[in-house]
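K.L.:
The structure that follows is given in the form of structure tokens.
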Amino acid sequence: MLVPVKTGATDGFRIEAHDGYYGTLLWSYDSDYSLPPHNWTPSFSGTVTPDGRLYIPGAGGTLLTTTNLDAAGPHAFNRVVFYGLASYLSNPASYNATVQICTPLTSDSQGNIYYGIRESGSNPSGLTSGLVRVAPDGSGSYVPATTATGGLANAILFNCAPALSNDESELYVAMRGVNSSPGYLVALAASTLATVNQVLLIDPHSLNQARLLNDGTASPMVAPDGRVFFGVLESPSLSNADRGWLLQFDANLNPLGNPGAFGWDDTPSLVPASCVPSYSGSSPYLLMCKYNFYAGIGGDGTNKLAIVDPRNSQTDAFTGTTVMKEVLTILGVTPDSDYTATYPGAVREWCINTAAVDTFTQSVLAGSEDGVLYRWNLATNSFSENITLTPGVGEAYTPTVVAPDGKVYAINNATLFAVGAGPVSAPEPHPAAGFGLAEPRPQPFSGRATLPFSLPSSGRATVDILDLAGRRVARVLDQDLPAGAHAAVWDGHDASRAPAPAGVYFARLAFAGRSSLRRIVLVR
């Protein structure tokens, strides 16, 4: 588990690598990244390419990169400079002071990295705010926001992670000017950063130009059918109780369908329709989003989570606008004492900007301002589990993540929590009992996975890869072995040597009438 950590009151950032199962700190590295001028503190986050290379933001719009992420001990990072290392080294102080990364990093399947930069002063290369592409060989290209939009915008929206189309031929990102409007959603060719399409973002109720605030974290979300969803803030302010709108477009950025009634500081989560047994509509997927109705600014504090149908509609009770149909909603639990005197039904707000959807249990994991992590069971429309993380404070909007082993990671009060059953002792490279499979490494994997195991005595052992239906995909070991520690390797191919589809599989060790099973996740 790679954890970005803020170490100073203003600047100061570190990346920490922890064993994802035991939590042990493997290594850490201090970045020289500094924040662009801002109001709310922007995010600092890295990305891992499919071949296991980590990139994190560095100073002057540069990247810092390393490999062998599972190895314990100090890690050396190399600097990657899209405008040339020699240029950077000629005047690092100037670049560090005037060019800063302002978005999360996005990797495609080939290891190309995309991100936005913000320019806050003149620099030797004449860089202005724009979008960057860095290839696996370290070469870089970039397009200024003014060029990408034909002069209509001059900056990349803070915290807006570039989103790739399903075939990775196009890249979607939001751009704006000095003010929060006008704002544009722009489609660029992923290989050249040439503009393909762009659309002016409009408030669907007032028909004014929607607002894009650098304080938010909304990013484009591309659905399996190519639709693009993006959240904006309404205009004029508070005309939708500060909920904003979730806009939807086709792959060419033509407006499509109805907006969602909530879009502020939220990137919707994709929910397979099969995860909601009560759903009888025709859409193959639904969207999960925060559904706060903020007390005192137009709303009554009935803060909810929602599953909405992007292909069906209803009338929004507050604005009268036709919006995506609510399939399920669920109200928060804890009364908000700051507002209950005026709004008796007010509850603490949901502090989530992208919630993890656990398709195995048909549930959503979301954190609340009350300091509790909730599991929303979509089959029963109830909170089937909850765990108190903190006493509850005013929270930043943060995401949740579900790991391959089912452990849930959530942030509350600037603390990362790992929630789920796990060991409390130090890790062992092989099962202590003398027989069984250990945790596959890496997990998940994209190239080769090592499957450590131990045998209590000599004999014939087999290791098979099974799909979720229990069918054998490949046999990766069939051999007479002595007692002790061994390892099999799966390269992600099936028995016919064809690449296996990405997904969840099981490794099964069989020996002397006994078997041991481990889950393994293949990504492409």
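The values are calculated or read from the model by the stated rules, or taken from the named source; none is laboratory data. Keep in mind it's a predicted model, so treat the numbers as computed, not measured. As a convention, Cβ positions derive from the backbone with ideal geometry for all residues, glycine included, and neighbour counts pool all protein chains shown.
K.L.:
Please determine, by comparing only the residues of region 127-171 that are assigned to a loop (DSSP other than H, G, I, E, B) and among the hydrophobic types (A, V, I, L, M, F, W, C), which one is nearest to Asp108 (Cα to Cα).
P.N.:
Top of the filtered list is Ala135.
K.L.:
From the list Val196, Val276, Val178, Val232, which residue is within 20 Å of the chain's Cα centre (by Cα) and either not basic (Lys, Arg) or not assigned by TED's automatic domain parsing to the domain that holds Ser141 (or both)?
P.N.:
Val232
K.L.:
Can you say whether Gly130 is touching a strand residue (DSSP E or B) at 6+ places or on another chain (Cβ under 6 Å), surrounded by fewer than 20 Cβ atoms within 10 Å (Cβ to Cβ) and touching a residue at least 24 places away in the same chain (Cβ under 8 Å), as far as the supplied structure shows?
P.N.:
no
K.L.:
So which residues in region 368-395 are of a type in the set (Ser, Thr, Tyr) and assigned to a strand (DSSP E or B), if there are any at all?
P.N.:
Matches in region 368-395: Ser368, Tyr374, Ser382, Ser384, Thr388.
K.L.:
Now a separate question. What number of residues within region 305-315 satisfy the criterion of being acidic (Asp, Glu) and under 14 Å from Asn292 (Cβ atoms)?
P.N.:
0
K.L.:
For the structure I just gave you, tell me whether Thr302 is surrounded by fewer than 16 Cβ atoms within 10 Å (Cβ to Cβ) and not basic (Lys, Arg).
P.N.:
The answer is no for Thr302.
K.L.:
Something else: If you take the residues of region 486-502 that are part of a strand (DSSP E or B) and surrounded by 13 or more Cβ atoms within 10 Å (Cβ to Cβ), which of them is farthest from the chain's Cα centre (by Cα)?
P.N.:
Per the criteria, the residue is His486.
K.L.:
Filter region 76-111 down to residues that are at positive phi and aromatic (Phe, Trp, Tyr), then give me how many there are.
P.N.:
So the count comes out to 0.
K.L.:
Can you say whether Thr24 is among the β-branched types (Val, Ile, Thr) and over 28 Å from Ala218 (Cα atoms), as far as the supplied structure shows?
P.N.:
When the stated conditions are applied, Thr24 passes them.
K.L.:
Might you check whether a residue that is at pLDDT 90 or above, closer than 23 Å to Val523 by Cβ and polar (S, T, N, Q) occurs anywhere in region 481-504?
P.N.:
Yes.
K.L.:
Right, next: Looking at Gly406, is it part of a strand (DSSP E or B) and among the small types (Gly, Ala, Ser)?
P.N.:
no
K.L.:
Can you name the strands (runs of 3 or more DSSP E) wholly within region 1-103 that have at least 2 residues being surrounded by fewer than 17 Cβ atoms within 10 Å (Cβ to Cβ) and of a type in the set (Val, Ile, Thr)?
P.N.:
Result: 2-6.
K.L.:
What's the total number of residues in region 203-219 that are part of a strand (DSSP E or B) and either buried (at least 22 other Cβ atoms within 10 Å of the Cβ) or assigned by TED's automatic domain parsing to the domain that holds Thr103 (or both)?
P.N.:
So the count comes out to 1.
K.L.:
Among residues belonging to region 155-202 that are within 24 Å of His38 (Cβ to Cβ) and of a type in the set (S, T, N, Q), point out the one that is surrounded by the most Cβ atoms within 10 Å (Cβ to Cβ).
P.N.:
Out of the qualifying residues, it is Asn159.
K.L.:
When region 104-126 is examined, which residues are found to be in a strand (DSSP E or B) and either under 18 Å from the mean Cα position of the chain (by Cα) or in contact (Cβ under 8 Å) with a residue 40 or more places away in the chain (or both)?
P.N.:
Answer for region 104-126, where residues must be in a strand (DSSP E or B) and either under 18 Å from the mean Cα position of the chain (by Cα) or in contact (Cβ under 8 Å) with a residue 40 or more places away in the chain (or both): Thr106, Ser107, Ile113, Tyr114, Tyr115, Gly116, Ile117, Arg118.
K.L.:
Right, another one. Considering each residue of region 432-458, count those that are within 11 Å of Ala507 (Cα to Cα) and among the aliphatic types (A, V, I, L, M), and give that number.
P.N.:
Of the residues in region 432-458, 4 are within 11 Å of Ala507 (Cα to Cα) and among the aliphatic types (A, V, I, L, M).
K.L.:
Is it true that Ser139 is surrounded by fewer than 22 Cβ atoms within 10 Å (Cβ to Cβ), closer than 23 Å to Pro42 by Cα and among the small types (Gly, Ala, Ser)?
P.N.:
no
K.L.:
Check region 278-299 and report whether any residue there is more than 23 Å from Asn214 (Cβ to Cβ) and among the β-branched types (Val, Ile, Thr).
P.N.:
No, because not a single residue in region 278-299 is more than 23 Å from Asn214 (Cβ to Cβ) and among the β-branched types (Val, Ile, Thr).
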